[in-house]
Ligand SMILES: C[S@@+](CC[C@H](N)C(=O)[O-])C[C@H]1O[C@@H](n2cnc3c(N)ncnc32)[C@H](O)[C@@H]1O
């Protein structure tokens with residue numbers, strides 16, 4: 001669920017019989033289909049759908065393993081988790097943020113903006129507990145690896161990601177990048193190290 005252009009669906013396709021890949025974005029699903037054609041992958045069925053949709057009406061059905069990785073983007077987490085649980089025969093995996101997730105607090109602070117990344121994994125753990133599901137939790141931590149072709153490329157990507165709107169904000173972001181971007185092997189990256197942590201929540205159907 002929330003497969004995007006197949007970050008997980010493509011590598012998993014070789015290891016399973018069939019994948020049912022759902023996303024709200026038709027653009028992402030078209031990209032996934034293009035990648036499947038190029039790679040000669042024939043076992044991924046795509047369907048356009050959202051958390052908010054009626055999954056029975058969409059024909060989502062049941063699947064051995066259900067995965068929602070970094071895609072639980074909804075106003076109603078409880079309903080989304082219940083839908084994942086219902087769609088799974090054996091196991092559910094949900095990957096979600098810990099703390100700030102991938103968002104860079106330094107940039108928000110420089111812009112004088114409040115960073116509100118939304119509820120993190122512990123909220124989902126508690127919701128699941130209330131639903132009678134004791135989820136296992138694992139963490140993946142990595143150093144930020146984003147690098148850019150040039151300072152202008154960094155500005156274009158970051159200003160669109162954090163939706164920089166005023167000229168003042170654009171100037172502040174440019175001067176922040178001037179102070180913090182360093183060039184390493186012809187790529188540009190932030191001078192400060194940043195650890196990003198993801199939580200993987202998972203549970204087996206028979207244990208819940
Ligand atoms: C950050 S990507 C995650 C992609 C991939 N699963 C991964 O882990 O790399 C989030 C995906 O969730 C999808 N998404 C956002 N809101 C959604 C919604 N309400 N219903 C279904 N999918 C949604 C987006 O279109 C996007 O493809």
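Structure notes:
- 4 °C / 1.567 mPa s Stokes-Einstein diffusion coefficient of the stretch 114-188, Kirkwood radius on C-alpha pairs, µm²/s: 83
- Alpha-carbon centroid distance for the pair the stretch 73-140 / the stretch 31-72, whole angstrom: 20
- Within a Gaussian network of the chain (alpha carbon springs, distance under 10 Å), most fluctuating of 167, 27, 46: 167
- Beta bridge orientation in the chain: antiparallel %, DSSP, nearest 5: 65
- Helical content alone sets the calculated 222 nm signal of the chain at -10500 deg cm²/dmol, taking -39,500 (n - 2.57) per DSSP H segment of four or more residues and averaging over every residue.
- All Cα-Cα distances of the stretch 148-192, cut into 5 Å bins from zero to the largest, leave 6, 24, 32, 24, 10, 3, 1 percent in each bin in turn.
- Choice from 68, 82, 135 with maximal GNM fluctuation in the chain (Cα, 10 Å cutoff): 82
- Acute angle (nearest 10 degrees) that the helix 151-161 long axis makes with the longest principal axis of the chain, alpha-carbon atoms: 40
- Where only C-alpha atoms are counted, convex hull volume of the chain per residue in Å³: 149
- The packing ranking of peptides 105-113, 158-166, highest mean first, is 105-113, 158-166, where packing means the average number of other beta carbon atoms within 10 angstrom of each residue.
- On Cα atoms only, tilt of 167-180 relative to the major axis of the chain in degrees: 80
- Between the C-alpha center of the stretch 4-21 and that of the stretch 141-187 there is a gap of 32 Å.
- Whether the stretch 1-69 is rounded, prolate or oblate, judged on the alpha carbon gyration tensor where a/c under 1.5 counts as rounded: oblate
Every number here is computed from the coordinates shown, using simple stated rules; none is lab data. All of these numbers come straight from a predicted model, not from anything done at the bench. Neighbour counts are summed over all protein chains in view; Cβ atoms, including those assigned to glycine, are modelled from backbone coordinates with ideal geometry.
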